[in-house]
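The structure appears below as structure tokens.
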Ligand code: BDR
Ligand code: CA
């Protein structure tokens, strides 16, 4: 199985992603780091541990990370994920204890202790990952790739042009994109495409397996939130879980290598500017200035196959 580390702000769709990562036989979930995003970091830790309980997961180290972005204050997403970050699920408090170091130290250990290079999957503002790269740059030698949910080729959700995870900590996202690592961006363009229809999530919600039932309820909440967004496929979005599906089965997404930079100033702060002029290979446009590091961007997704894999 492929060694994997998640960075989360659990979060409805982060919970779905954790479920998928724990239960997919091809993935070996080594650690989960938590960061402020959809909810405050303590709430994110509590939610993450409670989701692992619901799954009946074995021991997975879960560490508390950054309480706020590098430069700006934290701003939660309670209008999407509810005040508790999980759409009011009220899961029983976990008896698990968080890992005994901060998230950056845990991530360093998880990455350097691995015999095989680790895939790092941020599904949240990338504050922890940026701090990791700045504090322990030696980790890059054992990171296979970074597959992050965030950004967009066009159009945002937190602002007209910025996607929430990048908008919440644009400097951190810029550090990660500029790291020189092999980076895959699973942005809003594909995020909005993978949905589970109401009769399917309704059936999941009745499943005797408590984790499957929780997934059904979370998908119902997700559907309610995006129901009037014309960009979202009809149904409950699997969201962040789609990025983990793309790690388990890379053929599900069409990746194109384009220069991407994060806008750090003005009203478009937090936008991922994807330069589609610079198509590589035969289509190359000559004379185009480099506008950012080359990032592999998910330009399209096989939505049905991704949904089926998730289910
Ligand atoms: C992203 O922001 C969060 O609300 C979701 O969990 C997802 O990671 C979507 O913009
Ligand atoms: Ca998230």
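Just so you know, all these numbers are worked out from the coordinates, no wet-lab data involved. Fair warning: this is a prediction, and the values are worked out from it, not measured in the lab. Here Cβ is always computed from backbone atoms with ideal geometry, including for glycine, and neighbour counts include all displayed protein chains.
The table below lists the values:
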{"item": "Label point distance in nm, residue 197-residue 277, each placed 7 Å from Cα along Cα→Cβ", "result": "4.4 nm"}
{"item": "Under 16 Å from the residue 93 label point (7 Å along Cα→beta-carbon), backbone N, the range 34-50", "result": "42-50"}
{"item": "The range 141-211: radius of gyration over Cα atoms, expressed as a fraction of 2.2 N^0.38 Å", "result": "1.48"}
{"item": "For the chain: relative contact order, % (alpha-carbon pairs under 8 angstrom, 6 or more apart)", "result": "18 percent"}
{"item": "Ratio of the Cα radius of gyration of the chain to 2.2 N^0.38 Å, where N counts its residues", "result": "0.92"}
{"item": "Globularity ratio of the range 176-311, using Cα Rg and 2.2 N^0.38 Å", "result": "1.24"}
{"item": "Per-pair calculated FRET efficiency, R0 = 22 Å: residue 160 and residue 84 via Cβ, rounded to 0.05", "result": "0.20"}
{"item": "10 Å-binned pair-distance histogram of the range 103-175 (Cα, whole percent)", "result": "21, 47, 23, 9, 0"}
{"item": "The range 78-119-the range 21-58 distance, computed between alpha-carbon centres (Å)", "result": "5 Å"}
{"item": "Cα pair count fraction exceeding 20 Å, expressed as % - the range 30-170", "result": "49 percent"}
{"item": "Shape parameters for the range 207-260, alpha-carbon atoms, Rg then Dmax in Å", "result": "14.3, 47"}
{"item": "Mean residue ellipticity (222 nm) of the chain, computed from DSSP H runs ≥ 4 via -39,500 (n - 2.57), nearest 500", "result": "-10000 deg cm²/dmol"}
{"item": "Within the chain, percent of DSSP bridges classed antiparallel, to nearest 5", "result": "35 percent"}
{"item": "Debye equation applied to the C-alpha atoms of the range 1-78, log10 I(q)/I(0) at 0.14, 0.23 Å⁻¹", "result": "-0.42, -1.00"}
